[in-house]
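Read the structure below first, then the notes.
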Amino acid sequence: MFAKPYRWIRVTGLLTVLICAATCYADPPLTGTAVPELVAFDRLLTAYVDEKLIPGASFAVTRRGKLIYARGCGYADLGKKEEVQPDSLFRTASNSKPITAVAILKLMEQGKLKLDDPILMHLTDAVPGAKRKNHPWSKITIRHCLQHTGGWDTVKAKFDPMFRSVPIAEALKVPPPASAKHVIRFMGTRKPDFPAGDRYAYSNFGYVLLGRIIEQASGQTYEKYVQEHVFEPIGIKTARLAKTLLPGRAPGEVRYYDGDKRGRSVFALNLNESVPTPYGCWCIEAMDANGGWLLSAPNLARFMAALDASAQTPLLEPATRKLFLNSRPTGSAGFESDGKPKPNFYGYGWRIQLLQGTDRAHYWHEASFDGVSGLMVHRDDEVNWVIMFNSTQLYDNKLPAAAIDEPIHATMNGIKAWPEIDLFPTIK
């Protein structure tokens, strides 16, 4: 019975093990409302958190617009023995991208932009008129940024500007870390890695540009516009942008664990000092539109439910919801070399798989930062699920959310009777 405390060493280091050893003898705590029809999810979640050495997790499921499952499992803070609650806040990392995409589509509905507008039309604050003529971004459109076909290839270039805070700040002679505006200013001096629309290459930077387009088109900050026009209309009140450093941890936010990994701080107050990787090795404030939101798993699921085909919500008009499912990019990003449509593609903020012969689709997005792993999935049966972990420990070379993907689907496929409940009123 003494195995469990020592297993946690690989996740949190010996000091945390000594602090929380007593809590590790028992199965991980499970919070939230028990749903008898979905007890299989309870078993899956607790076994996974226990066996994979994960501090904490939150799992939410909606069906036909109703929240039918919302559970926290394990610990939000190991040292303080704080349990993860269903409404605990997590850094959403790249699961922020679908949120940014919806904000862009809202502005399109409001007549403030078009998807084929050149980005420079809406970046006049970042790129003055005198510099827009013959600018390297002159042929990049909003649609290109949404679909990751704008021309920035971090793999080929071995350069993701969103994680180069100090070199960019030094190049511009400003205090580190570089802000989003500083990154844009720096990247404006570099040519993209390939012509706009030529192919797909995942780009955090493209979504940072979309955040600035949202600000200029709306006249509001990115955070304020999304809160007012995306979250508030569907009842999400606790969403906010995250802070990088531990003192900025929000009320109700989990703590993040990346084993014993440390790196160099990018912040001027302790530049280059050794810090835990989730708390200072990069700057989340500069990544608002590509990875900056704090949300609970149930509220991410609420956001997804508002996009369902049958949803009666003010989030997007039915025609716009249909548009985002039919968002296949042109060229090699959406088609094989023989002209056949690719089975999967990246549309407006989602990875999409259309079901041939139907108007239905699977779509999903994954998320990871140091200390957080997440996945949000829409099934074609109008079941949505969101899983969030406060750890990035690898299992069989997979992040926690990726490794549990198939087991969740298998468990769902075995559900014989879905509950007729709605837990949304219990979630902040």
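The values are calculated or read from the model by the stated rules, or taken from the named source; none is laboratory data. What you see is a predicted model, and the numbers here were worked out from it, not measured in a lab. For neighbour counting, all protein chains shown are included, and Cβ atoms are generated from backbone atoms with ideal geometry for every residue, glycine included.
Data overview
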quantity	calculated
Matching option when the condition is crowded, with 23+ Cβ neighbours inside 10 Å and under 19 Å from the mean Cα position of the chain (by Cα), among Cys73, Cys145	Cys145
Any hit, region 123-132, residues being among the polar types (S, T, N, Q), part of a helix (DSSP H, G or I), in contact (Cβ under 8 Å) with a residue 12 or more places away in the chain and more than 17 Å from Gly197 (Cα to Cα)	no
Single condition Arg91 does not satisfy, out of (1) modelled with pLDDT of 95 or more; (2) surrounded by fewer than 22 Cβ atoms within 10 Å (Cβ to Cβ)	(2)
Pair list, Cβ under 7 Å, 6 or more apart: region 195-221 residue at positive phi, other residue surrounded by 20 or more Cβ atoms within 10 Å (Cβ to Cβ) and part of a helix (DSSP H, G or I)	Gly197/His144
Per-region count, region 393-410, residues surrounded by 24 or more Cβ atoms within 10 Å (Cβ to Cβ) and not hydrophobic (A, V, I, L, M, F, W, C)	1
Qualifying position, being outside any strand (DSSP E or B) and either touching a strand residue (DSSP E or B) at 6+ places or on another chain (Cβ under 6 Å) or under 30 Å from Tyr279 (Cα atoms) (or both), among Arg321, Arg328	Arg328
Lone qualifier among Arg190, Arg240 - being within 27 Å of Asp87 (Cβ to Cβ), surrounded by fewer than 20 Cβ atoms within 10 Å (Cβ to Cβ) and either touching a residue at least 24 places away in the same chain (Cβ under 8 Å) or polar (S, T, N, Q) (or both)	Arg240
Top-ranked residue in region 314-336 [being among the hydrophobic types (A, V, I, L, M, F, W, C) and surrounded by fewer than 18 Cβ atoms within 10 Å (Cβ to Cβ); ranked as farthest from Asp405 (Cα to Cα)]	Ala319
Filter pass, Thr141 being closer than 17 Å to Asn290 by Cβ, in contact with an Asp or Glu (Cβ under 9 Å, 6 or more places away or on another chain) and not charged (D, E, K, R)	no
Entirely in region 348-428, the strands (runs of 3 or more DSSP E) that have 1 or more residues that are of a type in the set (Gly, Ala, Ser) and over 24 Å from Ile68 (Cβ atoms)	361-369
Residues (out of contact with any helix residue (DSSP H, G or I) (no Cβ under 9 Å at 6 or more places or on another chain) and either buried (at least 22 other Cβ atoms within 10 Å of the Cβ) or part of a helix (DSSP H, G or I) (or both)) located in region 302-313	none
Members of region 160-178 found to be surrounded by fewer than 17 Cβ atoms within 10 Å (Cβ to Cβ) and either without any contact (Cβ under 8 Å) to a residue 12 or more places away in the chain or of a type in the set (Ser, Thr, Tyr) (or both), listed by number	Pro167, Glu170, Lys173, Val174
Qualifying residue in region 405-428 (condition: modelled with pLDDT of 95 or more and within 30 Å of Tyr279 (Cβ to Cβ))	yes
Residue among Gly349, Gly280, Gly339 that is without any contact (Cβ under 8 Å) to a residue 60 or more places away in the chain, on the phi > 0 side of the Ramachandran plot and buried (at least 16 other Cβ atoms within 10 Å of the Cβ)	Gly280
Test: residue in region 325-336 that is on the phi > 0 side of the Ramachandran plot and within 23 Å of the chain's Cα centre (by Cα)	no
Scope region 250-266; condition among the hydrophobic types (A, V, I, L, M, F, W, C) and surrounded by 22 or more Cβ atoms within 10 Å (Cβ to Cβ); matching residues	Val254, Val266
Thr221, sole failed condition from (1) surrounded by fewer than 17 Cβ atoms within 10 Å (Cβ to Cβ); (2) closer than 29 Å to Ser391 by Cβ; (3) at pLDDT 95 or above	(2)
Selection count where residues are closer than 19 Å to Ala93 by Cα and surrounded by fewer than 18 Cβ atoms within 10 Å (Cβ to Cβ), scope region 193-212	1
Hits in region 356-371 - residues which are under 10 Å from the mean Cα position of the chain (by Cα) and among the aliphatic types (A, V, I, L, M)	Ala367
Residues satisfying the stated conditions in region 411-428, i.e. aliphatic (A, V, I, L, M) and crowded, with 18+ Cβ neighbours inside 10 Å	Met412, Leu423, Ile427
Some residue of region 142-153 being part of a loop (DSSP other than H, G, I, E, B), over 14 Å from Leu209 (Cβ atoms) and without any contact (Cβ under 8 Å) to a residue 12 or more places away in the chain	no
